[in-house]
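Notes follow once the structure below has been shown.
The values are calculated or read from the model by the stated rules, or taken from the named source; none is laboratory data. All of these numbers come straight from a predicted model, not from anything done at the bench. Reconstructed Cβ throughout: ideal geometry from the backbone, glycine too, with neighbour counts over all protein chains shown.
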Amino acid sequence: MKKLPIRVHSWGGLGSQFYALALIYDLHLDVPDRKFVLIHHTSGLTRRCIEIDFVELNYVTYIQIDDFAKLFSQEPKGTTLPFDIIIVKKLIKKFLTKISFLIDYDYKQDQRIFFWTTSIRGHYTNRTISQDYLNFMLVKYLNTKPLIVPQITLHYRLGDLIGLVDKRPIEPQLIIKNLNRIIDGRENLEIQIYSDSPIIAKELLANYLPNQNLSFIESDTLTVIKNCIGSEFFFGTSSKISYWIIKFRENLGLGKKTFIITDATDWT
């Protein structure tokens, strides 16, 4: 059984994949004789491909399952299983989960891994990320140096939040209110605003900051993380990428110049 790899499933963008890899990294310290397979699913609200496979670990293999199209397919799902077969399958899965052959990490945080454990599913966002993992990523892949400019970076998630009923982007007035605490009447500050929808971000924010040097940028996620880590001040919004930037900056001792803007509070 120890020769069987542990399959860790992930969904979502690079921020979510960082969480899945962090789990694998920390579990490997506990079970160094086990191999892992990070299985990334493209299904979700939007199709997200695997991005974390740039990280090279000799105990991790990466696989992508492109199930996004299947999720929204209008084609017949095939023959429906008899009700009793469905019940039996559910009971078997429940039993396998009970003995930790399969682990649902959203319900069992920091669950012990046994030699018979073969599959882990979840989002892995509530567990404590180890300093070893943060240091490893910073040294190996996020080797950033503090930037002279820009003085301020903002990560403004819009994208799939636009038009949703149950989720909304952070209101621009709330962002401006927080930025102004640092701007404090000064002009011509270098401010880079990273967004998955830079044109919309410009429409929402530019008129509020007429006397600043603004750049609205769409870039690959890894570059966004690197540049935001290295800026003097950073403001994040409700996004896993923002939270990762905050974790890395705190690890570098930049916590006092790092802020998260949410609907619940306007100054953290």
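Here are a few things to note about the model shown:
- Test: Ser215 is at negative phi and modelled with pLDDT of 90 or more: yes
- Candidate set: the range 36-71, residues that are among the polar types (S, T, N, Q) and without any contact (Cβ under 8 Å) to a residue 60 or more places away in the chain; chosen: the one farthest from Gly159 (Cα to Cα): Asn58
- Test: residue in the range 227-250 that is without any contact (Cβ under 8 Å) to a residue 60 or more places away in the chain and outside any helix (DSSP H, G or I): no
- Flag for Leu222 being over 18 Å from Leu142 (Cβ atoms), modelled with pLDDT of 90 or more, among the aliphatic types (A, V, I, L, M) and outside the structural domain of Ile52 (by TED's automatic domain parsing): no
- In summary, Leu252 fulfils each of the numbered conditions (1) under 17 Å from the mean Cα position of the chain (by Cα); (2) within 22 Å of Asp132 (Cβ to Cβ) with the single exception of condition (1).
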